[in-house]
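The values are calculated or read from the model by the stated rules, or taken from the named source; none is laboratory data. Keep in mind that this is a model prediction, so the values were computed, not measured. Using ideal geometry, Cβ is built from the backbone for each residue, glycine included, and neighbour counts are taken over all protein chains shown.
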Amino acid sequence: MSHAAAAKPATARKSPALSGTAHVPGDKSISHRSFMFGGLASGETRITGLLEGEDVMRTGAAMKAMGAHIEKRGAEWVIRGTGNGALLQPEGPLDFGNAGTGSRLTMGLVGTYDMETTFIGDASLSGRPMGRVLEPLRQMGVQVLKATPGDRMPITLHGPKHAAPITYRVPMASAQVKSAVLLAGLNTPGITTVIEPVMTRDHTEKMLKGFGANLSVETDERGVRHIFIEGQGKLTGQTIAVPGDPSSAGFPLVAALIVPGSDITIENVLMNPTRTGLLLTLQEMGGQIDILNPRNAGGEDVADLRVRYSELKGVAVPAERAPSMIDEYPVLAVAASFAEGETLMQGLEELRVKESDRLSAVANGLKLNGVDCTEGEASLAVRGKPGGRGLGGHPNGRDTTVQTHLDHRIAMSFLVMGLATEKPVTIDDQAMIATSFPEFMGLMTGLGAEIE
Ligand SMILES: O=C(O)C1=C[C@@H](OP(=O)(O)O)[C@@H](O)[C@H](O)C1
Ligand SMILES: C=C(OP(=O)(O)O)C(=O)O
């Protein structure tokens, strides 16, 4: 793979107490959707706090290629959208790099257009299953002109003259699949219905309503959500302040919990209840996390988090909590490596189809660095070593470099781990960190972390 030639390893070492105040970049999910919905709506959308990570920039480039005007003016992104239903056929393939969210949501957004669009991505994205989005799109009349076996990228779609509205029950807990169908519904006459048995992050629903879509949600007596969207309505540009990403906040947060003496504050973190599973779990483990100054900003709950070093205890994390902390399991496994007793995480089947097979990538990295853990088909049990004694790479032994498999969260999680292990932890490549958290190295070293 050509990527290997450019690999840039990084090493984290046992660090002194972390201190200071940090601002994590804007939420990735809201940033992708801000570019998409702003690019589609009529009139002007202004965005502050946008995550300028590679994944989101790919979404911006795709929207530009389909007719949106996007530019940065000072600290603000200003977009002039095409109007709903008026995206243009792009001249070349849309390259989504490493981004599952960008590619899957855009397949929904443009799949129902009577035009041809081709989706490509890097080696990680090209290995991820896209059938979960193509299946409902096919039901709406979309033709998959080309796909690699197993419904993988590169993928070429051509929409019908008139898409058919469907009722679609999402078969796995996935906000990306839910969102792709709702976005396909935007360009479809009539009402498209998504049935969501297990609630996932609700940014698409909240933001589409904010842009003026006729969208409503009913939750039945079994807690199943029924989401209705009326197609071909008008969307109007909005002003958006993107709150800090709780998934990115997880890295300095866990670092402060495991490095003795630490006391840090992370400001302006999104507290949407569909995203706070990690916080809840770490608090159950005995983590001292104070939620300060809770407030509402632009329709979302946000707060500042004061985090102090804590003696953690293992807990059982219920499978139902997985959707609210799906991207946080790698860093939770790191916290669990320093906790007294066993932490059992269940309901992890979706981790197998992220940027890497995160379940095996985490288990392998932990084992290499001396952590006792058991990988199940959809579970992970970690038996921690309080104080990190005996953990970390073996300088005179075999190569203990953690393989990150083009996965930003694996890279950041193991760098956090190395801040509190007896011996350093090395990862094979830090390049992918820029997909979601370009400021990671500077932010962490600014708090006192020893990473190079
Ligand atoms: O909708 C979104 O913005 C996201 C949904 C989740 O993916 P799935 O829908 O595949 O669970 C998550 O892992 C991803 O980082 C962002
Ligand atoms: C799973 C992730 O992102 P995506 O699916 O957008 O690549 C993530 O950021 O952890």
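Going by the structure shown, is A378 within 16 Å of ligand 2 (Cβ to nearest atom), within 30 Å of A175 (Cα to Cα) and small (G, A, S)?
No, not satisfied.
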>> I'm told K206 meets every condition in (1) among the basic types (K, R); (2) under 30 Å from A336 (Cα atoms); (3) out of contact with any Ser or Thr (no Cβ under 7 Å at 6 or more places or on another chain) except one. Can you identify the failing condition by its number?
In response: (2)
>> Can you tell me which condition G261 does not meet? The list is (1) within 16 Å of ligand 1 (Cβ to nearest atom); (2) more than 24 Å from K178 (Cβ to Cβ); (3) not hydrophobic (A, V, I, L, M, F, W, C), and all the others hold.
In response: (1)
>> Restricting to segment 183-202, count the residues that are away from ligand 2 (no atom under 16 Å from the Cβ) and closer than 13 Å to R225 by Cβ.
In response: 8
> Looking at segment 442-449, is at least one residue over 21 Å from L332 (Cβ atoms), crowded, with 18+ Cβ neighbours inside 10 Å and touching a helix residue (DSSP H, G or I) at 6+ places or on another chain (Cβ under 7 Å)?
Replying inline: no
>> Given the criterion on the phi < 0 side of the Ramachandran plot, among the hydroxyl-bearing types (S, T, Y) and more than 16 Å from ligand 2 (Cβ to nearest atom), identify the matching residue among S34, S19.
In response: S19
> So which pairs qualify, if the first residue must be in segment 146-163 and at positive phi, the second must be modelled with pLDDT of 95 or more, the Cβ gap must be under 7 Å, and the two must be at least 6 apart or on different chains?
Replying inline: G150/P129; D151/P129; D151/M130; D151/G131; D151/L134
> Just wondering, is there one or more residues in segment 291-298 that are under 29 Å from G370 (Cα atoms) and polar (S, T, N, Q)?
Replying inline: no
> If a residue has to be among the polar types (S, T, N, Q) and under 15 Å from A336 (Cβ atoms) to count, how many in segment 262-288 make the cut?
Replying inline: 2
> Consider M345 against the criteria (1) surrounded by 24 or more Cβ atoms within 10 Å (Cβ to Cβ); (2) in a strand (DSSP E or B); (3) away from ligand 1 (no atom under 16 Å from the Cβ): it satisfies all of them except one. Which criterion is unmet?
Replying inline: (3)
> Mind checking whether some residue in segment 241-250 is at positive phi and not β-branched (V, I, T)?
Replying inline: no
>> Need pairs with beta-carbon distance below 7 Å; first residue farther than 17 Å from L88 by Cα and within 13 Å of ligand 1 (Cβ to nearest atom) and within segment 102-127, second assigned to a helix (DSSP H, G or I) and of a type in the set (S, T, N, Q); sequence gap 6+ or separate chains.
In response: G102/T59; R104/Q176; L125/S103
>> Is it the case, given these coordinates, that I30 is under 28 Å from L305 (Cα atoms), surrounded by 24 or more Cβ atoms within 10 Å (Cβ to Cβ) and of a type outside the set (K, R)?
In response: yes
>> Give me the residue from segment 155-167 that is buried (at least 23 other Cβ atoms within 10 Å of the Cβ) and of a type outside the set (V, I, T) and, out of that set, farthest from ligand 1 (Cβ to nearest atom).
In response: A163
>> Conditions first: (1) assigned to a loop (DSSP other than H, G, I, E, B); (2) within 16 Å of ligand 1 (Cβ to nearest atom). A184 passes all but one, so which condition is the exception?
In response: (1)
> Identify, please: which residue in segment 168-187 is among the small types (G, A, S) and closer than 17 Å to H32 by Cα and is, among those, surrounded by the most Cβ atoms within 10 Å (Cβ to Cβ)?
Replying inline: A184
>> If I filter segment 348-369 down to residues being within 15 Å of ligand 1 (Cβ to nearest atom) and closer than 20 Å to G384 by Cα, which single residue comes out as nearest to the chain's Cα centre (by Cα)?
In response: R358
> Does any residue of segment 71-78 turn out to be more than 16 Å from ligand 1 (Cβ to nearest atom), under 21 Å from G159 (Cβ atoms) and aliphatic (A, V, I, L, M)?
Replying inline: no
> In segment 384-437, how many residues are farther than 25 Å from E355 by Cβ and free of Cβ contacts under 8 Å to residues at least 12 places away in the same chain?
Replying inline: 3
> How many residues does segment 151-182 hold that are within 15 Å of ligand 2 (Cβ to nearest atom) and under 21 Å from P323 (Cβ atoms)?
Replying inline: 9
>> Looking at R80 and the list (1) over 23 Å from M199 (Cβ atoms); (2) touching a Lys or Arg at 6+ places or on another chain (Cβ under 6 Å); (3) surrounded by fewer than 24 Cβ atoms within 10 Å (Cβ to Cβ), which single condition is not satisfied?
In response: (2)
> Where residues in segment 116-150 are of a type in the set (S, T, N, Q) and away from ligand 2 (no atom under 16 Å from the Cβ), which of them is farthest from R58 (Cα to Cα)?
Replying inline: Q139
> Taking K178, is it charged (D, E, K, R), within 11 Å of ligand 1 (Cβ to nearest atom) and touching a residue at least 12 places away in the same chain (Cβ under 8 Å)?
Replying inline: yes
> Tally time: how many residues in segment 301-318 are over 24 Å from S19 (Cβ atoms) and surrounded by 15 or more Cβ atoms within 10 Å (Cβ to Cβ)?
Replying inline: 5
